[in-house]
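The values are calculated or read from the model by the stated rules, or taken from the named source; none is laboratory data. Small disclaimer: the values here were computed from a predicted structure and weren't measured. Here the Cβ is made from the backbone with ideal geometry for all residues, glycine too, and neighbour counts use every protein chain on show. The area values use the complete protein model at the heavy-atom level, side chains included, leaving out ligands, DNA and RNA. Shrake-Rupley method; radii C 1.70, N 1.55, O 1.52, S 1.80 Å.
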Amino acid sequence: MHSRNHMNIFTHLALRLMAAQFNFRPSLNKHLKSADGWTNFSIGLKTETGTMEQAIVFQNGHARVLKYIPEKADAVMRFINDDILKETVRITPNEMLNLILKNKIILDGNMAYLGAFNFYISLIMGRRYQRMLDKANLLEIKSRKEEYGINDPGFAKELDKRKESRLKADTIDAGVKCLEDPYLSEYSIEAFPRIKMRHEKHFNATPEISSERPVLLTQWYRRHGFEKDSDGNPWTPELRQAYAFKYLMKNKKPVIRKDSIIAGTTCPEEVGVLVYPDTSGTLIWGELGSISKRVLTPCNISKETAGQLHDIFPFWAKRTTRAWISENHGYPFCQKIDERSVASFNFKTVSMSHTVPDLPRFVNDGTLAIIEEVQQQIKALAPEESDKRNTLTSMMLCLEGLNAYAANLAKEAKTLADKETDPQRKEELNRLYQTCSHVPANPARTLDEAVNAAWISWIGLLMENTNVSLSPGRLDQLFQPFFEKEMGSLSTGDEKKQYLEHVIELISCYFLRNAEHHNLVPDVANYLFGGSQSETAITVGGVTPDGKDAVNDMTYIILKVTEMLSLNDPNMNARFKLGVNSDTYLKRLCEVNYVTVATPSMHNDDAVMEAFSQNSDKIEDLRDWASTGCVEITLSGKHMSHTGATSVNMVAGLEMALNNGYHPLMNWHLGPKTGVVANGDFKTFDDFFVAFAAQQKFIIDNTVELNNMAAEAYAYLRPTPLLSTCIKGAVQNATDVTKGGAVYNTSGSFNIGLSDVVDSLMVIKKLVFDEKRITFEALKDAIDSNFENDPSLHAMVHKKVPRFGSGSAEAVDMANKLTGLIHGCYKSTKNFRGGDYTVGFWSVAQHVAYGTLSGALPSGRLAGRPFAPGATPDPSASKNFLDNIRDVAQLNPHHMDNNIAFNVKLVPGPDDSREKIVNTMFSYVKTYFEQGGMQIQFNVIHSDVLKDAMANPENYQNLLVRISGYNAYFVRLNKEMQIELIERAKYGL
Amino acid sequence: MKKTLILELKGNSLDDGPGIRSVVFFKGCPLSCIWCHNPESKKTGVEISFEPNECVGCNTCLGTCTKNALSKENPFFIDRTLCNLCFECVTNCPSNALERVGHEMNVPEIVETVLKDKPFFDTSKGGVTFSGGEPTLDMDFLGKTAKALKENGVHVLIETCGQFNYEKFNELVYPHVDLIYFDIKIMDSSHHKKYCGLPNKTILENFRTLYRRYLDGGTEVLPRTPLIPDITDTKENLLAIVSLYKEEQVKKTQLMAYHPLWRDKNLKLGISLPSTSEGKMGEWMATERTKACEKIFTDAGIALEP
Ligand code: SF4
Ligand code: SF4
C-alpha cells in the first residue's frame, strides 16, 4: 500500500474546486457540451512515488472527483515526484510543457482529452493565466537580450547589402533558351512593388487560426456519419472521405487576394493557420485560450473560432491516429515508447503525405482527362469488384470537388472584375476568370494557366492532406515548355522583357501563396521542431528522365524568386549532376545561398541516385527524383514515399547499451538486457557493439511496429483519394495510395545523433579497448556524473581520439558501420503497404530536442546539450573544413536512401568580394560532390550576427537559417535552437 | 630520406594566394623581425609550447617530467633551460595544453599529405603555398618538394623574405614555382638591420633580379609589405618602396595590415614580450591608418591586391 500524503489532499481539494465551478457556474458548464452532446472523459493524476492519486470525471455535464484512477481513464498524468507536482501549480503552461518534455511529467492515454482538461483549467484561471503568460513573454525576451547582449545595427545592414552588386552569368546552359543573363542580375524585389507589399505583409501579419476546413468537414461528418452512414451501414472509408472532401471544396470560400495573379487560397484569412482535427489538430485544444499569448509562434484566434474548435474537437478526440491505435491494439508498448518522445517519434500521427504528386498530370492533362481514365477503369471492372469500384468512384468525386472549387473561383473573379475600376486590374481579373473556367479541368495553354492549375490543385491536395512536407517537386521542368512557347511567340525586345517580368511576378506570387498559410504548431512542437513550416519542397536542376541537362530558363527564374523573397517555405532544393550541369549553374546556387544566408539545399544527383537504386531499377524514374519535405528522395509522381514517417534518436540506444537496457532520463528499463559495464560484461569492443546493435534494433523494431499500425489507422481514418489520382499506380490498381496503390511504396526514417554516436563509439574503442588508457567503468562513472569529477578524462576524450570529420579513416569506418547497422535494421522490416523503409541521417530540429533528453556521452558531450545536426561532424572534429567535407563524402550512399543533411556555417570575411565568396563556396560544393558527397547546405553568416538577432529580433524578421534540412526564420526559434545555431561548427570564407 | 622541420601543414587556407590552398610552414628563418607573426617558426629546432587556456590542471605532466622542468610557479610553466625536449609530458597531457612545435618530415610525406587537398585546388584554382619561417632555408628540400607537386599538377607559390642565395635559388627552386610572394619590408638598410637582424642588400638585389625576369616572361612576382606601426608604415619608408617599384615598373603590390595576435604565441613558447610590443603594437591597425598607407601606392599608380 502506498502512503498518500498532504499532496494527495491538496490535489483532491483543487480538483473538487474545479469540479464545483463547472457544476455550478453555467458559463463554465456550457463548455462541457458540444453538438454531439456532453463531452465525457476522465483524467487521472498521480505521483510515481505513490503519494497522490486522484481523478476527475466529466460525465453528462457533471464533474466529479475520484480518489483513485478508474481503469478506463482516458488520460493519466504521472508526476515523477511531489516536487514536480508542486512546481506545476506555480508555473505557466509553457514551463509545464518543459517538464513534460523532460519526462518529469509523463502523459499516458489520449492527448486530446488532456488538452480539453488544460482548456478547462485555462477557463477557470482566466485573466491570471494571461498575466502569467505576459510575464513569461517579457522574461523570455529579456533572457534572450541578456544571453549575448550584442547590439550592432551594422550587422543587419551587411545582410541587406548582400542583395546588391549581383553577379552575371558567364556562360549559358544548353537548356536556357530565352534568358540573356540567366542570373537575372538586373532584378531585385524593388522592381516588383506588388510583390514587395505582399512580402512585407507576410512578415508583419500575425497568423490567424482558420476554422474553415475543420468546420466544413465536421459538419459533413456529423450529418453523414464517420464509421457508419446515416442508414447505419459501415462507410467505405474512401467514399466517406471523398464525399466530405467534395462538400468542403464546394463550400469553401473562393478567395482572390488583392493584387494576386493567382486565384485561390488555402484559408480565407490573410495569413491563416490550417487546422487538421482529423490527425493532430486536437493537440491545440488546451491552448485555445492562450495561443495568442504564448512565447513562440503566437497566432491570433477569434472567440468564434475558439468556440467552433472547442465544439468540433470532441468529435475527433477518439478518431485520431493515436486514439485509433490505442483502441484497436490495446495501447501497445511501441506507442508508449513513442509518446515519451525520447527514443523515437512517429510522424504518421500527423501526416502521411510527405511525397511528390504528379502535378504535371493536373497541369498538362487536366482533371477531366483523369476522370475519363477513372471511368474507363470502372467500366473494365467485374461486377464483384466493389471495393475497386468504390475506390475509383471516390477518386472521381474528389476531382469533381476540385472542379467545383475552380468554378467558384471563376465566379468570384468575374464578380470582382465587374466591380473593379482600375483597368489593368480589371483585365487581370477577367483573365483569372477565364483561367479558372479552363483549368484545372482542361490542359493548361499558357504559363498563367499552368501556374494557376498547379496552385488550385495544390489547394485541393492540402484540403485533403495535412500540410506537412507535401512537395510540388520539379517545377522548372513543369513550367519551362509554357515559358518557352510564349516567349517564342513574342517578337520585340520590349515585349519579351515585359513578359519576363510578368513571369517573375507570377512565380513570386506562387511562392507567396504557398507561404501564406502556416501549419498548426502546438506549443510542444515549438520546442521539438522549432520554426518548421509546411516544408513544401521545390526542386530545380539535375537531369531529365532521359538524362539530359534539365537546367532551363525556369530554373533560373525560380532561383531569382528564391533570392528576392528569402522565404522559409517553399523549401528550395537544387540538384546537381556532375558532368552535365554547368559550373555557372552551381555558382548561381552558391550566390543565392549567400544572399539568402540559407537556401537552397544542394544535392549530388549521382550519390542520390546510387543510394536510391536499391528501391528502383528504372533509370528514368531515378533521374526524375525530387526532394520532399526537408531533403528526402521521392520518385516524382509515382511514389508514395512518406519520407518523414519516423525519427529515431540513436543516442538513446547508446545510453541503453551502456545501462543494460535502462534509459536513465526516462527512468525506464524498456530495452533488452544486453550487459552491465560494471560487471565487466564487455571484454572487447565488438562485445559492446553487439549490445549497442541489439538496443538499436529494439528501438527500430518498435518504431516500425507503431508506424505500421499508424498506416493501418490511416487507411481507415483518412485514405486520400485525391492524392491517389496523382500518384501513378493508384488509378491503374484501383487502390488508394494509403493502401499500397502507388508504383513505389516506401516509408522514410531519419536517424539522429550520427556524429555523437560515432565519436562515442570511437572513444570506447580507442581509449578503453585499443589503447587501454582508461577502464570502461571509469568512463561510465565519468558519464554518469556528467564529467564533473573528471576534467582530465573530459579533455582526453576530446583531444586524444580522432572524431568523425577529422580526416580519420577509422572514424569514417565507424560511421559507415553505424549507418550500415541502422540501414540493416530497417531493411529487415516491411511497411504496411508492403514496401521498404528508407534510411536517412538528417534531423529536422530534433538534434536539439533529443539532445535535451539525453545524458552525457563518451564523446564528452555533456548532458542536455544538442547533438550535431544530421550527418554533420561535431564542431570539435577539425579546424579544417576540408576534413569535414571529405569524411562526410565518404559515407556509404547505400546506407542512406532517405538522404542526409550536412550543414555548416560559413563566415565570410569583412573584405571578401562576392566573387571570392561564391567561388570558394562553389569549390567546396563541387569537390564534395566529386568525392561522392550526397547533400550539403550552408548558413553563410557570422555567429555575432545571430547573437545580435537573438537580442534584437525586430531587426531580423527576414533572417533565414537552415536547421537540418529545413529553413526557419531565426527570430522565431526557441532559445535552445538559437544557441545551437550560434555554437554550430563554423569556418571562415 | 632527408627530412626537414615543418611547423604545420595547414589546409583550406583562403588568404595565402589564389583559391583554396594548403600552406606548408617551414621552421626557421634567417631574419628575426621583432613583430614576427609566426614566432614559433623563427627557431630552426623543435620546441615545446604550453597553452594555459587548454590546461585542466590535472598535474599529470608534473609526474612524468624527470627533469623537474615544469612548475606552476613559473609564469611560462616550462623551464626551457632544464627541459631536454623528451616530450614525455606532451604524450601524457590529456588536453594537448603541452605540445611539440615542429615535426620532421620528408618530401613524400609532405607531398602525400597536401595532395589529399588536390581536388579542392582543382575546383578553386588553388594550390600549395610554401611559407614559414623561410622556405628557402633548405633550397634543396624546397625545390624537390615543389618539383614533386608540380609533377602532380599542383600550382606552387612561395612566400619569401628574399634573404637567400640567388644562384642556388635559380637552380633548385625557380623552375618549380608558379608565383613568388616577395616581402619588401624596410628600405633603409640600417633600419632593416635594427628591426630584422640583417641588412637588406641581398633582399633588394634578389628582388630586382627576379622582378626583371618576371617582366621578361619569367615567374610572376608579387611584392608585399607588412604594415608595422612606426616601423614599416612610415611615409618615408613607403615612399622609398614606391620609388623602388617605379624603377622596377612594379604595377601591383599587396599591403598587410598589422595585427597583434603573435604576442600570445610568444608567451606559449616562453618568450617574454619585447618592450616594443606595447602601445600601437598591442592593437589591431586602425582602418584609417591602413587606408592612408594604401593611398601612397594608389596615388603612384600602383594597384593593390586585396
Ligand atoms: S619535454 Fe620532457 S623534459 Fe621537457 S618538460 Fe616535458 S617531460 Fe620535462
Ligand atoms: S598534463 Fe596537461 S592538462 Fe594536465 S596539468 Fe599538465 S599541462 Fe595541464
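Taken as a whole, the condition of being within 14 Å of chain A (Cβ to nearest Cβ) and among the polar types (S, T, N, Q) does not apply to B:Asn84. Under the condition of being assigned to a helix (DSSP H, G or I) and away from chain B (no Cβ under 13 Å), the residues counted in the stretch A:780-811 number 6. Screening the candidates B:Cys61, B:Cys86 for the property of being assigned to a helix (DSSP H, G or I) and within 16 Å of ligand 1 (Cβ to nearest atom) yields one hit, B:Cys61.
Of the strands (runs of 3 or more DSSP E) entirely within the stretch A:916-989, those holding at least 3 residues that are within 17 Å of A:Val844 (Cβ to Cβ) and away from every other protein chain (no Cβ under 14 Å) occupy A:935-940, A:960-962, A:967-969.
Filtering the stretch A:215-259 to residues that are part of a loop (DSSP other than H, G, I, E, B), among the basic types (Lys, Arg) and open to solvent by less than 20 Å² (accessible area, probe 1.4 Å) leaves A:Lys252, A:Arg257. Under the condition of being touching an Asp or Glu at 6+ places or on another chain (Cβ under 9 Å) and surrounded by 15 or more Cβ atoms within 10 Å (Cβ to Cβ), the residues counted in the stretch A:118-171 number 13.
If the condition is being of a type in the set (A, V, I, L, M), crowded, with 21+ Cβ neighbours inside 10 Å and within 16 Å of ligand 2 (Cβ to nearest atom), then the stretch B:18-58 contributes only B:Ile48. In the set (1) within 16 Å of ligand 2 (Cβ to nearest atom); (2) under 24 Å from A:Val797 (Cα atoms); (3) modelled with pLDDT under 95; (4) open to solvent by 20 Å² or more (accessible area, probe 1.4 Å), the condition left unmet by B:Asn74 is number (2).
Residue-wise test of (1) within 16 Å of A:Trp458 (Cα to Cα); (2) touching a residue at least 12 places away in the same chain (Cβ under 8 Å); (3) surrounded by fewer than 24 Cβ atoms within 10 Å (Cβ to Cβ); (4) in contact with a strand residue (DSSP E or B) (Cβ under 9 Å, 6 or more places away or on another chain).
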site: A:Met487; (1), (2), (3), (4): no, yes, yes, no
site: A:Gly493; (1), (2), (3), (4): no, no, yes, no
site: A:Ile504; (1), (2), (3), (4): no, yes, yes, no
site: A:Gly542; (1), (2), (3), (4): no, yes, no, yes
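Please tell me if B:Arg224 is of a type outside the set (A, V, I, L, M, F, W, C) and over 24 Å from B:Thr290 (Cα atoms). No; evaluated as a whole, the condition is false for this residue. Could we say that B:Phe87 is touching a Lys or Arg at 6+ places or on another chain (Cβ under 8 Å), open to solvent by 20 Å² or more (accessible area, probe 1.4 Å) and not basic (Lys, Arg) here? Criteria met by B:Phe87.
Filtering the stretch A:669-691 for residues that are at pLDDT 95 or above, surrounded by 19 or more Cβ atoms within 10 Å (Cβ to Cβ) and touching a Ser or Thr at 6+ places or on another chain (Cβ under 7 Å) leaves a non-empty set.
Of all residues in the stretch B:124-166, those that are without any contact (Cβ under 8 Å) to a residue 60 or more places away in the chain and of a type in the set (S, T, N, Q) total 4. Being more than 27 Å from the chain's Cα centre (by Cα) and either within 14 Å of another protein chain (Cβ to nearest Cβ) or within 16 Å of ligand 2 (Cβ to nearest atom) (or both) is the requirement here; does B:Cys61 meet it? Yes; evaluated as a whole, the condition is true for this residue. Among the residues of the stretch B:129-162, write down those that are part of a loop (DSSP other than H, G, I, E, B) and more than 18 Å from B:Met256 (Cβ to Cβ). Residues satisfying the conditions are B:Asn152, B:Gly153, B:Val154.
For every residue, the table says whether it meets (1) open to solvent by less than 10 Å² (accessible area, probe 1.4 Å); (2) out of contact with any helix residue (DSSP H, G or I) (no Cβ under 8 Å at 6 or more places or on another chain); (3) over 15 Å from A:Val356 (Cβ atoms).
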position	(1), (2), (3)
A:Val561	yes, no, yes
A:Met572	yes, no, no
A:Val592	yes, no, yes
A:Glu620	no, yes, yes
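In the stretch B:30-45, is there at least one residue being part of a strand (DSSP E or B), touching a residue at least 40 places away in the same chain (Cβ under 8 Å), more than 14 Å from every other protein chain (Cβ to nearest Cβ) and away from ligand 1 (no atom under 15 Å from the Cβ)? For the stretch B:30-45, residues part of a strand (DSSP E or B), touching a residue at least 40 places away in the same chain (Cβ under 8 Å), more than 14 Å from every other protein chain (Cβ to nearest Cβ) and away from ligand 1 (no atom under 15 Å from the Cβ): absent.
Conditions tested, residue by residue: (1) in contact (Cβ under 8 Å) with a residue 12 or more places away in the chain; (2) assigned by TED's automatic domain parsing to the domain that holds B:Ile231; (3) more than 19 Å from the chain's Cα centre (by Cα).
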{"position": "B:Tyr258", "(1), (2), (3)": "yes, yes, no"}
{"position": "B:Trp262", "(1), (2), (3)": "yes, yes, no"}
{"position": "B:Lys268", "(1), (2), (3)": "yes, yes, no"}
{"position": "B:Met281", "(1), (2), (3)": "yes, yes, no"}
{"position": "B:Ile296", "(1), (2), (3)": "yes, yes, yes"}
{"position": "B:Asp299", "(1), (2), (3)": "no, yes, yes"}
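Considering only the stretch B:68-78, I want to know if a residue exists there that is within 14 Å of chain A (Cβ to nearest Cβ) and on the phi > 0 side of the Ramachandran plot. Checked against the condition, which is being within 14 Å of chain A (Cβ to nearest Cβ) and on the phi > 0 side of the Ramachandran plot, the stretch B:68-78 yields no hits at all.
Just one residue in the set A:Val768, A:Val763, A:Val758, A:Val731 is within 14 Å of chain B (Cβ to nearest Cβ), in contact with a helix residue (DSSP H, G or I) (Cβ under 9 Å, 6 or more places away or on another chain) and surrounded by 18 or more Cβ atoms within 10 Å (Cβ to Cβ); that residue is A:Val763. Just so you know, in the stretch B:92-113 the residues that are near ligand 1 (Cβ under 9 Å from one of its atoms) and open to solvent by 30 Å² or more (accessible area, probe 1.4 Å) include one that is nearest to the other protein chains (Cβ to nearest Cβ), and it is B:Asn92.
Can you find a residue that is within 28 Å of B:Ile186 (Cα to Cα), within 14 Å of chain A (Cβ to nearest Cβ) and not hydroxyl-bearing (Ser, Thr, Tyr) anywhere in the stretch B:1-13? Checked the stretch B:1-13: at least one residue is within 28 Å of B:Ile186 (Cα to Cα), within 14 Å of chain A (Cβ to nearest Cβ) and not hydroxyl-bearing (Ser, Thr, Tyr). In the stretch A:817-831, the residues that are more than 23 Å from A:Phe688 (Cβ to Cβ) form Cβ pairs under 9 Å with partners that are aromatic (Phe, Trp, Tyr) and modelled with pLDDT of 95 or more, at six or more places apart or across chains, as follows: A:Lys827/A:Tyr837; A:Thr829/A:Tyr837; A:Lys830/A:Tyr837; A:Asn831/A:Tyr837. Checked against (1) under 30 Å from A:Asp770 (Cα atoms); (2) outside any strand (DSSP E or B), A:Lys728 meets all criteria but (1). With respect to A:Leu981, is the statement that it is surrounded by fewer than 24 Cβ atoms within 10 Å (Cβ to Cβ) and touching a strand residue (DSSP E or B) at 6+ places or on another chain (Cβ under 9 Å) true? Against the criterion (surrounded by fewer than 24 Cβ atoms within 10 Å (Cβ to Cβ) and touching a strand residue (DSSP E or B) at 6+ places or on another chain (Cβ under 9 Å)), A:Leu981 does not qualify.
Here is a yes/no grid of residues against (1) within 28 Å of A:Glu980 (Cα to Cα); (2) modelled with pLDDT of 95 or more; (3) of a type in the set (A, V, I, L, M, F, W, C):
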position	(1), (2), (3)
A:Thr775	no, yes, no
A:Ala795	yes, yes, yes
A:Ala809	yes, yes, yes
A:Gly840	yes, yes, no
A:Ala856	yes, yes, yes
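None of B:Thr136, B:Thr160, B:Thr129 is in contact with a Gly (Cβ under 6 Å, 6 or more places away or on another chain) and away from chain A (no Cβ under 14 Å) except B:Thr129.
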